[in-house]
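Below is one structure, written out as structure tokens; comments come after it.
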Amino acid sequence: MSYSSDEDDKPLVFRRNLKPDKTKCSSQPSKPSLKPSNGSDSEDDKPLSTKFSTVSKGNTNHAKNGSHTSVFKAPKPQVKDEDSDEEKPLSSKFISKPNVGSSSKVHQNGSASRDNQSKNIGMNKRPLNDERSSGPSSVKKPKLSDSSTPVNRKPVNMKAETKSDSDDDDEDDDDSDDDLPISQRRKNQASSSSKPSSSKQKVIKKNSSSLNQTNKKSKKVVKNSKYSKPSKVPPGSGEGQKWSSLVHNGVIFPPAYKPHGVKMLYKGKPVDLTPEQEEVATMFAVMLDTDYMTKPKFKENFWGDWRQILGKNHLIQNLDDCDFKPIYEWHQSEKEKKKQMTTEEKKALKEEKMKLEEKYMWAVVDGVKEKVGNFRVEPPGLFRGRGEHPKMGKLKKRIHPSDITINIGKDAPIPECPISGESWKEIRHDNTVTWLAYWNDPINIKEFKYVFLAASSSLKGQSDKEKYEKARMLKGYIQGIRNAYTKDFGHKDETKRQVAVATYLIDKLALRAGNEKDDDEADTVGCCTLKVENVEPSPPNILKFDFLGKDSIRYQNEVEVELPVFKAIQQFRTGKKGSDDLFDKLDTSKLNAHLKELMPGLTAKVFRTYNASITLDDMLSRETKGGDVAQNVVVYQHANKEVAIICNHQRSVSKSHSAQMTRLNEKIDELKDVIKELEADLARAKKGKPPLKNSDGKPKRNLNPEALEKKIAQTKVKIEKMERDKETKEDLKTVALGTSKINYLDPRITVAWCKRHEVPIEKIFNKSLLAKFAWSMDVDPSFRF
DNA sequence: GCTCACACTTAGGACTTATGTA
DNA sequence: TACATAAGTCCTAAGTGTGAGC
């Protein structure tokens, strides 16, 4: 990624300004366990995007090509059949056109969705629940949302309780229709009585538009669903219990190494290598065209590990005299061969792989078939640490069954070890955790690599929902929290001052907490680990941030802050070196302990979720003007982009970016020439003259003036579209939109907005996201974050 | 109050597949 | 049909946060 000093090249986030928030000075005293506010519409409640004076270059202006309104059908569990509403295809629960193709092969529990969140009284009024009133939590893991009401969970032996569990899908059920547009209200009324009470609706074909389906969706409206909500706790409940029964087939290993026999050169001469030596040499060779080759640390680490495999007395004595090109070229030709395979060959290969992997792809959790996420053991390779990682290039050794601990239900059969003659390291039956297997990370032996269920699983969905509920809870507390930290900017105790300023930065700039890091990790920072050199005060009240954050992504931002913050930062810097900690009295534990005094379960990362989601909600609400689907999609993308900028979600500029821009410019120029020509022809046609010959000297068709005018207009539209595409492409070249959508934006905001504005959800969520967010699909259209 | 093991979420880039366009 | 590009998926690194043990 390049970081040009040219202002125009910077992602927008780097040109963002923070307005001082003057409303904060009339703060109330800071107290532990602040009570949630009633969510007034004060400036304080507004998302970052509305508070910052963002210098924005227009918006994303192209709708996705949505010609394929594919319909996601929430696949039904295959283990046991269920007759419940729960297994209705998503399309029937949400919207959209039938699409047979996408439904058949998936069988995981992606089924829609019981939205079991606890009832609150409307979005602005959050009753204090027990947790809130319980004060600082010294207790174990306070669960913020109703953990007794798992998302999606539909064990087959619980049919009887199907009733109404979608009724309590959100607090907005309590809301009257008053907040809805009239058209919406009518639709809801029409639908409220239409749902059959029993739910044998496995396949409901919908031919009408998404919105119609959405609104006609026969949602049971049970106002007192609070009481009818299933009282189940996570199966086999109990402190920390995640499942009662767990069955799976373990993990699959990468194939054993097949030597290729291509000889690398040492001092210009071919060298014989053992298969093990050749394997590691090949790992290096295939990376010859990557940036890692420019990093001495990478080469040094590789050499250190390879040398051990070569042995002290090997012919090869230094890396500089090695020529890996023959292996690199062999690898390239293998890649090319693969590319040249016919579609049928590729398909056959894929099917073969599927057949081999099928059994590892699924687990059965409490009787429900769920997809496993990463069931493939990581193959050996060279460690590709990001940024200036001190361990880059080290050999990541092959993982064997004897490295792997399996976690499985007591009554489940122990997975057969797929490599004959070997056996698992250990078998556990720990139902307080969600992992299915783990092994020690060969690069950092103290750490682990886990095998978890896929994002579409109930367990993940449940925890996702809890995350968003916690962030929503913050909405009710945020005013008090901001008042509290504002008051503490000038606290006489420096620790408190640092806590206040750090919280301010986490809240306003969506910084990460910043845990301490070891010396054998890349040198990156978060809020608590900011160094003096990372924050430069520029009077009267500007702070210039410049540091490497997670994944060594650079955070560069100049913000105007409140004067007390500015002064506090100046004071924290006093007498320190550039490499010293800015917040020397603070770490994430202390910070989070403090945050928990303000709201149960509050930690630094909740602010990111909160600010991202509230920004989306706010921007969608402000910017949706009742346009068509394409225009609404643009509004969504624009909001999504703002969130990505706030969270500093960047991507590197693609290698082909400048070529693409050049090509677009050329095309635009060509079209402009076409217009000039057409205009000349038009002038002649108006005088009754034939058009001039084209550039090849050939005669052109003689068109009448009307036809020429139409052609000119069409070409102009084409140019405009290309200009917009160009702008969007440039605008988003360093912004990654996906990360926030996957991790920070409460899907219920999106689903409800889609329902309100007749946008098919498939325009916003792809198949994976639909599966991941199945739990949110039943949300009431009036839902607001 | 601190460290560390552990469990989990968040993240960008590589790779693959789908789609659009000439 | 071939190629370019966009979209989707996979991979695994790199974070956050909890709680036990000292």
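The values are calculated or read from the model by the stated rules, or taken from the named source; none is laboratory data. Values in this document were obtained by computation on a predicted structure and should not be read as measured data. Using ideal geometry, Cβ is built from the backbone for each residue, glycine included, and neighbour counts are taken over all protein chains shown. Ligands, DNA and RNA are excluded from the accessible area calculation, which covers all protein heavy atoms including side chains. Shrake-Rupley method; radii C 1.70, N 1.55, O 1.52, S 1.80 Å.
Residues in region A:505-514: is at least one among the β-branched types (Val, Ile, Thr) and open to solvent by 10 Å² or more (accessible area, probe 1.4 Å)? No; the residues of region A:505-514 include none that is among the β-branched types (Val, Ile, Thr) and open to solvent by 10 Å² or more (accessible area, probe 1.4 Å).
With respect to A:Glu679, is the statement that it is within 30 Å of A:Lys550 (Cα to Cα), assigned to a helix (DSSP H, G or I), of a type in the set (D, E, K, R) and open to solvent by 40 Å² or more (accessible area, probe 1.4 Å) true? Break it down stepwise before answering.
On the way: within 30 Å of A:Lys550 (Cα to Cα): no; assigned to a helix (DSSP H, G or I): yes; of a type in the set (D, E, K, R): yes; open to solvent by 40 Å² or more (accessible area, probe 1.4 Å): yes.
No: the conditions fail for A:Glu679.
In this structure, is A:Ile427 open to solvent by less than 10 Å² (accessible area, probe 1.4 Å), modelled with pLDDT of 95 or more and within 16 Å of DNA strand B (Cβ to nearest atom)?
Values: open to solvent by less than 10 Å² (accessible area, probe 1.4 Å): no; modelled with pLDDT of 95 or more: yes; within 16 Å of DNA strand B (Cβ to nearest atom): yes.
Criteria not met by A:Ile427.
Return yes when A:Ile414 is β-branched (Val, Ile, Thr), surrounded by 16 or more Cβ atoms within 10 Å (Cβ to Cβ) and more than 13 Å from DNA strand B (Cβ to nearest atom) and no when it is not. Write out each step before concluding.
On the way: β-branched (Val, Ile, Thr): yes; surrounded by 16 or more Cβ atoms within 10 Å (Cβ to Cβ): no; more than 13 Å from DNA strand B (Cβ to nearest atom): yes.
No.
Taking A:Thr609, is it within 14 Å of A:Asn515 (Cα to Cα), within 31 Å of the chain's Cα centre (by Cα) and within 16 Å of DNA strand B (Cβ to nearest atom)?
Working: within 14 Å of A:Asn515 (Cα to Cα): no; within 31 Å of the chain's Cα centre (by Cα): yes; within 16 Å of DNA strand B (Cβ to nearest atom): yes.
Criteria not met by A:Thr609.
Just one of the listed residues (A:Glu709, A:Glu723) is at negative phi, surrounded by fewer than 18 Cβ atoms within 10 Å (Cβ to Cβ) and modelled with pLDDT under 85, namely A:Glu723.
How many of the residues making up region A:532-548 are of a type in the set (Asp, Glu) and either farther than 22 Å from A:Ala522 by Cα or within 16 Å of DNA strand C (Cβ to nearest atom) (or both)? Don't jump to the end; show me each part of the working.
So in region A:532-548, the residues of a type in the set (Asp, Glu) come out as A:533, A:536, A:546.
Adding the requirement that they be either farther than 22 Å from A:Ala522 by Cα or within 16 Å of DNA strand C (Cβ to nearest atom) (or both) leaves A:536, A:546.
Here the count works out to 2.
For A:Lys369, are the conditions met, namely being over 20 Å from A:Tyr450 (Cβ atoms) and part of a helix (DSSP H, G or I)?
So A:Lys369 fails the test.
Yes or no: A:Thr603 in contact with a strand residue (DSSP E or B) (Cβ under 7 Å, 6 or more places away or on another chain), in contact (Cβ under 8 Å) with a residue 60 or more places away in the chain and within 16 Å of DNA strand C (Cβ to nearest atom)? For A:Thr603, the condition - in contact with a strand residue (DSSP E or B) (Cβ under 7 Å, 6 or more places away or on another chain), in contact (Cβ under 8 Å) with a residue 60 or more places away in the chain and within 16 Å of DNA strand C (Cβ to nearest atom) - is not met. Taken over region A:739-760, the residue count meeting the criterion of being within 15 Å of DNA strand B (Cβ to nearest atom) and either assigned to a loop (DSSP other than H, G, I, E, B) or open to solvent by 10 Å² or more (accessible area, probe 1.4 Å) (or both) is 8.
Looking across A:Ala639, A:Ala713, A:Ala736, one residue alone is within 14 Å of DNA strand B (Cβ to nearest atom) and outside the structural domain of A:Arg554 (by TED's automatic domain parsing). It is A:Ala736.
Would you point out which residue out of A:Ile749, A:Ile742 is touching a Phe, Trp or Tyr at 6+ places or on another chain (Cβ under 7 Å), hydrophobic (A, V, I, L, M, F, W, C) and under 30 Å from A:Ala639 (Cα atoms)? Explain how you work it out, then say what you get.
Values: A:Ile742 fails: touching a Phe, Trp or Tyr at 6+ places or on another chain (Cβ under 7 Å).
Sole residue among the options that is touching a Phe, Trp or Tyr at 6+ places or on another chain (Cβ under 7 Å), hydrophobic (A, V, I, L, M, F, W, C) and under 30 Å from A:Ala639 (Cα atoms): A:Ile749.
If you go through region A:326-347 and keep only what is among the β-branched types (Val, Ile, Thr) and either within 13 Å of DNA strand B (Cβ to nearest atom) or not in a helix (DSSP H, G or I) (or both), you end up with A:Thr342, A:Thr343. From the list A:Lys641, A:Lys590, the one residue that fits, being over 30 Å from A:Thr495 (Cβ atoms), within 16 Å of DNA strand C (Cβ to nearest atom), of a type outside the set (Asp, Glu) and at pLDDT 90 or above, is A:Lys641.
For A:Asn648, the conditions (1) part of a helix (DSSP H, G or I); (2) within 16 Å of DNA strand C (Cβ to nearest atom); (3) under 21 Å from A:Tyr555 (Cα atoms); (4) in contact with a Pro (Cβ under 9 Å, 6 or more places away or on another chain) are fulfilled apart from (1). Out of curiosity, is A:Lys350 within 30 Å of A:Thr432 (Cα to Cα) and either more than 16 Å from DNA strand B (Cβ to nearest atom) or not in a loop (DSSP other than H, G, I, E, B) (or both)? So A:Lys350 fails the test.
If the condition is being under 26 Å from the mean Cα position of the chain (by Cα) and within 30 Å of A:Pro390 (Cβ to Cβ), then region A:413-439 contributes A:Trp435, A:Ala437, A:Tyr438, A:Trp439.
Only one of the numbered conditions (1) open to solvent by 30 Å² or more (accessible area, probe 1.4 Å); (2) within 12 Å of DNA strand C (Cβ to nearest atom); (3) over 23 Å from A:Gly367 (Cβ atoms) is violated by A:Asp441, and that is (1). Listed here are the helices (runs of 4 or more DSSP H) enclosed by region A:217-320 that have at least 1 residues being modelled with pLDDT of 95 or more: A:275-285, A:296-310. Find the residue count for region A:305-324, including only residues that are loosely packed, with under 13 Cβ neighbours inside 10 Å and either in contact (Cβ under 8 Å) with a residue 60 or more places away in the chain or of a type in the set (S, T, N, Q) (or both). Residues that pass the stated criteria total 3. When region A:444-466 is filtered for residues that are open to solvent by 50 Å² or more (accessible area, probe 1.4 Å) and not in a loop (DSSP other than H, G, I, E, B), the ones remaining, listed by number, are A:Phe448, A:Lys449, A:Tyr450, A:Lys460, A:Ser463. Restricting attention to region A:357-406, the residues that are within 12 Å of DNA strand C (Cβ to nearest atom) and either polar (S, T, N, Q) or closer than 22 Å to A:Pro418 by Cβ (or both) total 18.
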